[in-house]
1. Tell me, yes or no, whether segment B:4-14 has at least one residue that is under 19 Å from the mean Cα position of the chain (by Cα), at pLDDT below 90 and not in a helix (DSSP H, G or I).
2. Would you confirm whether or not segment B:140-148 contains a residue that is more than 14 Å from chain A (Cβ to nearest Cβ), in a helix (DSSP H, G or I), closer than 16 Å to B:SER51 by Cβ and under 21 Å from the mean Cα position of the chain (by Cα)?
3. Buried (at least 23 other Cβ atoms within 10 Å of the Cβ) and either of a type in the set (A, V, I, L, M) or closer than 26 Å to B:LEU156 by Cβ (or both): does that describe B:ALA198?
4. With (1) closer than 30 Å to B:LEU145 by Cβ; (2) within 14 Å of chain A (Cβ to nearest Cβ) as the list, and B:PHE212 as the residue in question, which single condition is left unmet?
5. When the residues of segment A:222-248 are narrowed to those that are within 14 Å of chain B (Cβ to nearest Cβ) and more than 12 Å from the chain's Cα centre (by Cα), which ends up nearest to A:VAL295 (Cα to Cα)?
6. Out of (1) free of Cβ contacts under 8 Å to residues at least 40 places away in the same chain; (2) touching a Phe, Trp or Tyr at 6+ places or on another chain (Cβ under 7 Å); (3) hydroxyl-bearing (Ser, Thr, Tyr), the odd one out for B:SER207 is which?
7. Condition test on B:ASP37, is it within 27 Å of B:ALA143 (Cβ to Cβ) and over 15 Å from the mean Cα position of the chain (by Cα)?
Amino acid sequence: MRTPFFLVICLAVAAVVFFAAVAVGNDYAFFAGYVILQYVVLSTAWNILGGYCGYVNFGSAAFFALGAYSTVAVYKLIGNNDLPDVVPMPALMLVGGVISGVVGLGMGYLTLRLRGAFFAIATLALAVVLQTLVVNWDFVGGSRGAYILRSETVPLIGPYIHYLFLVMLLLAVAALVIARLIERSRLGYGFATIRDDEMAAEASGVPTLRLKLVATTISGALMGMAGAPFPYYIGYLQPASTFGLDYAVNSIAMPLIGGTTSWVGPLIGTILLGSLQQIATVTISSAVNLLLVGVILVVFVIVAPNGIIGLVHHYWQHKPGDFVGRRRVEADSPEAVP
Amino acid sequence: MIFSFDLLVNAVISGILIGGFYAAVTVGISLSFGILDIVNIAHPAFIILGSYVAYIVNSTLGIDPILTSIIVTPAFFVLGALIYQVYYLSFERRGQESMRGLAFFFGLLFITEVSLVLYFGVDYRYVEAPYIGPTWHFGTIDAPLRILIPCVVSLLLIGCLQLLLTRSFIGRAIMAVSQDALALRLMAVDPVRIKRIAFGISIATASLAGAFLIIIQPVEPSVGRDYIGRVFAICVLGGMGSLPGVVIAAMLIGIVESLTSTFYGPSWAPAVSFGFLLLTLAVRPAGLLGR
């Protein structure tokens, strides 16, 4: 499927989702949907580095919070409480994305020359360093947190939460299209060689460090963009919850549960796990929903190492001449016949 | 800011003492991550588990927390051996340990922490022991016993482990398995068994470290997260798998943290170890005493 066509389909699905949410008529659908869409972006972004390159990032919360706090910084610098929307949301997302992307690049430059585990640990460390900086930085609220006022309604769209939902929906579409584009490009093949055997890739002339830096930058930038609207969603931003480990665990669990080799995996994982969490939060408690994520993650990595996609593939491969099997061969053929 | 020599000396001493405790926290990681190459990021969760065991026994039976932790080490050893067995069967044997293994331990971290939250709540818990209150004074130097005693026991523990690793057959086999598992197999030793024992020992140290932790400070389930980065910073800074390196690095980080919180305020202290970690990774990834 060509990318423009895919984009059109995605936008059509997004339009259906938006109008379905409007049709539900309950704003809770938007609040819950926003969280799930935010995780679609986060898990897709995580997967660009984690799934395609095989480098585990435990610091999703750090990149997400960077985006959120860059919004707060811009709000304090330019905006004021009488004019909450003086800077448009897309501009805020751009700022958040650029900042997170640059931090991702620097982070990758420091650690990616080492073994994978060091990168994972360093990302964990990055989250704490950034949290300490934010806690000690009074301009963005410090440990007290920061309040963001938002206008009640947005012209043409209606209530503000509808606008936020729409923005996040479009970002999710963008993230999926980017992930799919990478997957099918030279870049994606380069990433796959790094994941499968970095030493061999390096020996064959793949510029592994440069590719990994591209991956951390794109992944970080997308996470930052997902974080940028968050202060407007939550209204009161506070370091401990913005840097919370639940962002890190969810953005790892969702791709791993769905399957990491393709853009579909994080989407499936997020929709399943995200909805499950929303339901569990409402019906049981938010502590139980984290326990649920932990248990599902452990069970999946042990029982279904390639996630739901892996299970589906496994099922299809026992039926010769199927659609998935044929498409795989097609996708692989340019590599097989150089 | 008024610079005071007494303050400086006291900060350095308390840094060394707390460093002794950090060494106990890190030694398990040093065994699993440094020697066995198992990235057990759930280690701090097991330490918190150790703290809660010490808390339960102390509050119901009134037994000394350190004594309790020594008594329950076999249970932690078995737990560690079991976890390694699952890890081996699910990941190491299939050669998928890098990413899925990490996710596995991350999941374990979450399960342990949230289970503790659900069962005990997020209240801070503490233990009672005769040495928690008093402080020894040497001239202008203060040494609170609640930090001094964990430090001494921790150094003893690491000394014993170092003896075990260098003098006993099992210990040498553990060092060997990290270098060449195939050669070990040729010597008719089962590398999986050796790794199982080593991982069991590494989790067993978490029991002691947990008791130290709850003696030094009140504990609630998410306290462990503060230690994730710190222990890896110490492990990497000391040089992977070197126990003397762990002690030196732990004291170094202890001193720097203590100086930072004395002269700049405690809210900056967490960034120190992580800054150190990033710096070490960038400048000298082999660590101080790296092989």
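The values are calculated or read from the model by the stated rules, or taken from the named source; none is laboratory data. A quick note: this is a predicted structure, and the numbers were derived from the prediction, not measured. Neighbour counts run over all protein chains shown; Cβ positions are idealised from the backbone, glycine included.
1. No, because not a single residue in segment B:4-14 is under 19 Å from the mean Cα position of the chain (by Cα), at pLDDT below 90 and not in a helix (DSSP H, G or I).
2. Yes, segment B:140-148 has at least one match.
3. The answer is yes for B:ALA198.
4. (2)
5. A:ASP246
6. (1)
7. Details: within 27 Å of B:ALA143 (Cβ to Cβ): no; over 15 Å from the mean Cα position of the chain (by Cα): yes.
Against the criterion (within 27 Å of B:ALA143 (Cβ to Cβ) and over 15 Å from the mean Cα position of the chain (by Cα)), B:ASP37 does not qualify.
To keep it simple, each residue is scored yes or no on (1) among the small types (Gly, Ala, Ser); (2) buried (at least 17 other Cβ atoms within 10 Å of the Cβ).
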| position | (1), (2) |
| --- | --- |
| A:GLU152 | no, no |
| A:GLY158 | yes, no |
| A:HIS162 | no, yes |
| A:ALA172 | yes, yes |
| A:ALA175 | yes, yes |
| A:GLY190 | yes, yes |
| A:ARG195 | no, yes |
| A:LYS212 | no, yes |
